[in-house]
Amino acid sequence: MFMKKRRIVSSRHLASAEGWQLSEFEYGLIIAYNGFNRWMTKCMIASGYPELSSLEILVLHNVNHRERQKRLTDICFLLNIDDSHTVNYALKKLLKAGLIQSEKRGKEMFYSTTEVGFELCDKYREIREQCLLDGLNHLEVDKDQLSEMAAMMRTLSGLYDQASRAASSL
């Protein structure tokens with residue numbers, strides 16, 4: 001007996017005959033986004049910093065990335081965040097916590113992790129490996145396929161960015 005594939009969509013009214021796959025993707029994205037946010041905060045709590053929000057955690061890791069100083073505009077660009085005020089607030093909170101430091105050059109501020117911030121990122125990495133990567137290994141996921149999915153998600157983010165610009169002009 002043939003069984004029709006069940007469509008799991010974010011909102012049935014958005015899932016037209018030609019667009020249900022995109023709504024199905026969006027629902028997966030919603031679930032993944034919320035699961036990822038929950039994971040980041042729980043991992044950071046386990047690392048010893050329960051007061052950091054998911055955005056602050058993303059900003060900290062981005063500042064720590066490759067141990068290079070970054071400007072506010074660099075961080076916003078790399079995280080694809082339009083509202084620089086939220087990132088600026090996160091930077092101020094991380095500065096106050098002693099996890100990052102700033103250096104003014106001309107009119108621009110450059111941020112880098114402090115030793116405490118670097119150690120926190122390393123502790124987060126250890127917990128991530130213990131809790132998340134072990135689980136991934138049990139799923140027997142093809143890591144190349146995971147990399148391809150990440151590339152597709154980055155490509156689709158461009159589609160959503162373009163669509164948001166189009167919607168702004170309506």
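Within the same chain, lysines fewer than 8 places from Lys143 are excluded, and of the rest, those with a Cα less than 28 Å from its Cα are Lys5, Lys42, Lys123. With everything on Cα atoms, drop me the angle between helix 84-96 and the longest principal axis of the chain, reported from 0 to 90° to the nearest 10. The answer is roughly 40 degrees. Report note on the peptides 58-65, 37-44: ranked by the mean count of other C-beta atoms within 10 Å, highest first, their order is 58-65, 37-44.
In straight Cα distance, which lysines are under 23 Å from Lys104, not counting same-chain residues fewer than 8 positions off? Within reach: Lys70, Lys92, Lys93, Lys96. So what's the net charge close to Ser47: Lys and Arg +1, Asp and Glu -1, counting the other residues with Cβ under 13 Å from its Cβ? With Lys, Arg at +1 and Asp, Glu at -1, the net is -2.
Which of [x] 25, 17, 16; [y] 38, 19, 15; [z] 34, 23, 14 is the computed semi-axes √(5λ) of the Cα gyration tensor in Å for the structure on display? Structure-derived value, by its label: [z].
Arg128 sits with roughly 100 Å² accessible to a 1.4 Å probe, with DNA, RNA and ligands left out of the calculation.
Entry comment: accessible area of the stretch 108-164 is 73 Å² per residue, from protein heavy atoms only and a probe of 1.4 Å.
When only alpha carbons are used to place a centre, the stretch 123-170 and the stretch 88-108 end up 28 Å from one another.
The values are calculated or read from the model by the stated rules, or taken from the named source; none is laboratory data. All figures in this text were calculated on a predicted structure; none of them were measured in a lab. Cβ coordinates were reconstructed from backbone atoms using ideal geometry, including for glycine residues, and neighbour counts include every protein chain displayed. Quick note on the areas: whole protein, heavy atoms, side chains included, nothing else; ligands and nucleic acids left out. Shrake-Rupley method; radii C 1.70, N 1.55, O 1.52, S 1.80 Å.
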